[in-house]
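Visitor: First, the structure itself, so that you have it in front of you.
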Amino acid sequence: APAPAPAPPRRRGGGGSREAAAVPAAAAAAACAGRPRPRGCPAPGAPGGEVNVLLWWEPFGRPRRMADCRRRYNITGCRLSADRSRYGEAQAVLFHHRDLALHGAQGLPRGPPPRPPRQLWVWMNFESPSHSPGLRGLAGLFNWTMSYRRDSDVFVPYGHLYAPPAPRPFVLPRKTRLVAWVVSNWNEEHARVRYYRQLQEHLAVDVYGARGLALAEGGVVETVSAYKFYLAFENSQHTDYITEKLWRNAFAAGAVPVVLGPRRANYERFIPPDSFIHVDDFPSPRLLAAYLKFLDKNKPSYRRYFAWRKKYEVHVASFWDEHFCKVCEAVRAAGNQIKTVRNLAGWFES
């Protein structure tokens, strides 16, 4: 007699309707920076004149050409610059945390000229708290936060789902392999490496990157598209920290993500519950491996993980143009509102 199918995953947490989980309000707001601008999104070209945004440090010290926000994101009246001589005229100044940690607080503007009244200092960071040193000394310095966290003042996730006016039919790439994982930062102490070590005892995983195979010429997406599953394992587990490992490496490649990161309920704030498999759904890596093998042989059950594609498409954030342009939009929308982030470390590490 054929072996019985393994038990389906036990989904812990979550709740709410599938539609609400698929495109929550925050993710829907993120879609408003797209082009063409979806119905219901506020027009960014509202009266108020030009917004000047100064980038104090270019991320990781790599100069780049500033984006044309109107052409790329339909955000008008935005003037981006990395020229510090324009400090006095900037309505907002962006400070990238990794560079701030490198140069220290003494690298912040100290004048002259003095800080213009009502100028917004924006703390920008897309690393997790585990990889964000030096947070403790930054209390009371910044007015806004910009990060992947949904409760940031300027919310820019690594990706989001959106409902296009006319969804295009989704064509599943041809699958010839089972499970892939691309990893560049290999650390035996990371939870993801420890889990992989246990999983690979029961299931063959093709590992690419620093410790494995070379990627195909087309890169991650082309390589992973041949696989049924992708291990979207984050390097650390924190609230809302859901990176390109899910959005680009899995979703954009047409693979079902097997995720290790925040809790399932956190993922369901951004994506449908049946679009991914969470390691927490299984009591052990052995049972997860058994379930993936079952899906490999059961085409209808596997294809159910792509049902959401009938309504939604995937947007992967463009670093860093999208982030800079969104600050312009946020400054205009805020008007004269201003505040101070009193406990940056306490918020970000929560």
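The values are calculated or read from the model by the stated rules, or taken from the named source; none is laboratory data. The structure displayed is predicted, hence computed values, not measured ones. In this analysis, Cβ positions are derived from the backbone assuming ideal geometry, glycine residues included, and neighbour counts consider all displayed protein chains.
Visitor: Which members of the range 199-229 meet the condition of being outside any strand (DSSP E or B) and loosely packed, with under 15 Cβ neighbours inside 10 Å? Steps first, answer last, please.
Guide: Filtering the range 199-229 for residues outside any strand (DSSP E or B) gives 199-205, 210-212, 214-226.
Answer for the range 199-229, where residues must be outside any strand (DSSP E or B) and loosely packed, with under 15 Cβ neighbours inside 10 Å: Glu201, Ala204, Ala210, Arg211, Ala214, Ala216, Glu217, Gly218, Gly219, Glu222.
Visitor: If you don't mind, there's one more thing I want to ask. Checking the structure you have, find out if any residue of the range 337-349 is modelled with pLDDT under 95 and part of a helix (DSSP H, G or I).
Guide: No: the range 337-349 contains no residue that is modelled with pLDDT under 95 and part of a helix (DSSP H, G or I).
Visitor: Related question: Just to be sure I understand, how many residues within the range 77-90 are of a type in the set (S, T, N, Q) and in contact with an Asp or Glu (Cβ under 9 Å, 6 or more places away or on another chain)?
Guide: Selection size over the range 77-90: 0.
Visitor: Between residues in the range 41-70 that are within 25 Å of Arg118 (Cα to Cα) and residues that are exposed (fewer than 12 other Cβ atoms within 10 Å of the Cβ) and modelled with pLDDT of 95 or more, which pairs lie under 9 Å by C-beta distance while being six or more apart or on different chains?
Guide: Going by the 9 Å Cβ cut-off, the qualifying pairs are Leu54/Asp83.
Visitor: Within the range 258-293, take every residue that is touching a strand residue (DSSP E or B) at 6+ places or on another chain (Cβ under 7 Å) and free of Cβ contacts under 8 Å to residues at least 40 places away in the same chain and give me the one that is nearest to Asp151 (Cα to Cα).
Guide: Result: Tyr267.
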